[in-house]
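These notes concern the structure reproduced below.
The values are calculated or read from the model by the stated rules, or taken from the named source; none is laboratory data. Note that the structure is predicted; figures quoted are calculated from it, not measured. Don't worry about glycine lacking a Cβ; one is built from the backbone with ideal geometry, like all the others, and counts go over all protein chains shown.
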Amino acid sequence: MLITGIKSKPVYAPLQPDLGGRYHLMVGHGVGGGPLLRVLQEFQASEPSAAGRTQILYMTEAGAPDEFSAQMRSAGVANVRLFDRTEALLGDFNAILGSSLMGTRLYVAGPESFMGLVMRIALQFNLNKDEVRAEECGTLARRVHCIHCRAVTESVKTNIAQCSGCSRWLVVRDHYSRRLAAYMGVMVDAEVPGELPPIKEVFL
Amino acid sequence: MSHADTLAVRVVAAEQVTPQVKRFTLAPVEGGLLPAFSGGSHIIVVIRGANRVHRNPYSLMSSPASLEHYEIGVRRMEASRGGSHFMHDEVRVGSVLDIAHPVNLFALDKIARKHLLIAGGIGITPFLAHLADLRSGNVPYELHYAVPAPDQAPFCEELTEREAGRMRMYHRSLGDRIDFETLLSQQPLGTHLYVCGGPAIVKNAVDAARGCGWPDSHVHWEQFSAPPPGDAFDAYLAKSNLNVHVVPDQTLLESIEAAGVEVPYLCRGGVCGFCRTEVVAVEGELVHNDHYLSAEERASGKVIMPCVSRARCKKLVLNL
């Protein structure tokens, strides 16, 4: 069974401003604030009016200092909303997309698991690759979907992890579902129960 | 199935819809059902005129749910190369035509949240098939239909009846034109735009969409236009060791076919890329009329789409 080298693993790239868009919606978490500010600075340099057509939804890292929101607020952005819970941010994001118009570009920056949840909602609004830019920064810890019991285990850092739903030991594959916003976890000791490969921290 | 496989159909009805447009209903000569298709598909009709064979694409406008017959709408082109005049003047109930199997280069996006359809004149035909599907679904849609004048609005009556509240007509003779900027700047996220008609409406809609920030993946178009004529020229088919002469109102592809050499094709309109042909040598310039090749490929002089493109040259050698 293929564990790595699977095409469905998302590919990210440094955020670039897309001035072909009429509206800009930015969503970030933690150190993802940095790339968003960088795009704002590039707006400032090439098309200053773009900031007035930009909204930002931003969530600080729990327990970490807030280095970015003050700069976001002073960048001439139409609307900056700050959150301390992912669910609240995603709820607002969903509502904003519901009233957004064609011509909107989405910029996402943050840990991969956070971006996956954002992209899952964007997908429901039929946003395509040419409307969305995503830059990964922060932890690589994964959301893992157990293919046996369908429970999702959050913040998985190891190649092998125990399912939060059925307690099976799962090997975490690069096989990614955009619909579930999670990597697939497959029982690792089905042939010889209890015989596990070495467990290593790989998603840091 | 080879692209050259055709199917014999009999014209079972021919109706003059407007002074310029005829609707032909085609049923399989052998009885039974025609091949299934999806909305937006076209067929190629082989038109055997007095002096030459035309292969013209026509959108299927009947419902994809009924395969007893296909319907096509044919507009008589003023400056016809002969194909549409033949269809209007010579083809009648009982005539047998050969058609190529349906191909779809203008399908609806299956996960769109809204469909915005813009038709210019005879460009309404693929939408008639789409609408048959859309009416039974639950995705919102709107049709904006621009015509020269009320008496030049093919299928307008049946549409008005079925699409009341979801359709708006624009009559150029009454000064009523589509305001693309307003229309395209107010569409909800997840909308897909589909435009079909002549070069002007396609260009206006696609340019306005880009101006309103629409990404290309949400913009779909199909242009109805005859391949542009040009100077006569000669081509040498290197592998077949044949010379072909292309007269001004004939396409390179038609001339190659007339010489008995097969080139794969689907759209015959310069968009699908199937007839892409390697140019071995050219003394002069290639006249690219397609929408398929990249700027780099055009500049290279190494490749041509013979369904719509030509050459102004002393010598053209193709790898055929």
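Some points to look at:
- The condition of being more than 30 Å from B:H115 (Cβ to Cβ), surrounded by fewer than 20 Cβ atoms within 10 Å (Cβ to Cβ) and at pLDDT 95 or above holds for A:R38.
- A:A95 vs. criteria within 14 Å of chain B (Cβ to nearest Cβ) and either surrounded by fewer than 17 Cβ atoms within 10 Å (Cβ to Cβ) or within 16 Å of the chain's Cα centre (by Cα) (or both): yes
- Residue in segment A:44-64 that is within 14 Å of another protein chain (Cβ to nearest Cβ), part of a loop (DSSP other than H, G, I, E, B) and touching an Asp or Glu at 6+ places or on another chain (Cβ under 8 Å) present: no
- Residue in segment B:149-169 that is in a strand (DSSP E or B) and either small (G, A, S) or within 14 Å of chain A (Cβ to nearest Cβ) (or both) present: no
- Test: residue in segment B:239-259 that is surrounded by 17 or more Cβ atoms within 10 Å (Cβ to Cβ) and within 14 Å of another protein chain (Cβ to nearest Cβ): no
- Segment A:70-92 - residue that is more than 17 Å from the chain's Cα centre (by Cα) and in a helix (DSSP H, G or I) and, of those, surrounded by the most Cβ atoms within 10 Å (Cβ to Cβ): A:M72
- Test for B:G32: is it away from chain A (no Cβ under 14 Å), under 21 Å from B:E158 (Cβ atoms) and small (G, A, S): no
- On inspection, B:L131 fails the criterion of being within 14 Å of chain A (Cβ to nearest Cβ), touching a helix residue (DSSP H, G or I) at 6+ places or on another chain (Cβ under 8 Å) and closer than 29 Å to B:L184 by Cα.
- For B:C267, the requirement of being in contact (Cβ under 8 Å) with a residue 40 or more places away in the chain and either closer than 23 Å to B:H54 by Cβ or crowded, with 22+ Cβ neighbours inside 10 Å (or both) is met.
- Odd one out for A:L127, checked against (1) within 30 Å of B:H115 (Cβ to Cβ); (2) crowded, with 17+ Cβ neighbours inside 10 Å; (3) more than 14 Å from chain B (Cβ to nearest Cβ); (4) out of contact with any helix residue (DSSP H, G or I) (no Cβ under 6 Å at 6 or more places or on another chain): (3)
- Scanning segment B:179-191 for residues that are surrounded by fewer than 21 Cβ atoms within 10 Å (Cβ to Cβ) and either within 17 Å of the chain's Cα centre (by Cα) or of a type in the set (A, V, I, L, M, F, W, C) (or both) yields a single hit, B:L183.
- Every residue from segment B:198-226 that is within 10 Å of chain A (Cβ to nearest Cβ), in a helix (DSSP H, G or I) and without any contact (Cβ under 8 Å) to a residue 60 or more places away in the chain: B:A209, B:R210, B:G211, B:D216, B:S217
- Which listed residue is of a type in the set (F, W, Y), within 14 Å of another protein chain (Cβ to nearest Cβ) and surrounded by 21 or more Cβ atoms within 10 Å (Cβ to Cβ), from B:Y194, B:Y145: B:Y194
- Filter pass, A:M115 being buried (at least 16 other Cβ atoms within 10 Å of the Cβ), under 28 Å from B:A208 (Cβ atoms) and either more than 14 Å from chain B (Cβ to nearest Cβ) or modelled with pLDDT of 95 or more (or both): no
- Where a residue in segment A:184-200 is farther than 28 Å from A:P10 by Cα and its partner, wherever it lies, is among the aliphatic types (A, V, I, L, M), with Cβ under 9 Å and at least six apart: A:E195/A:V188
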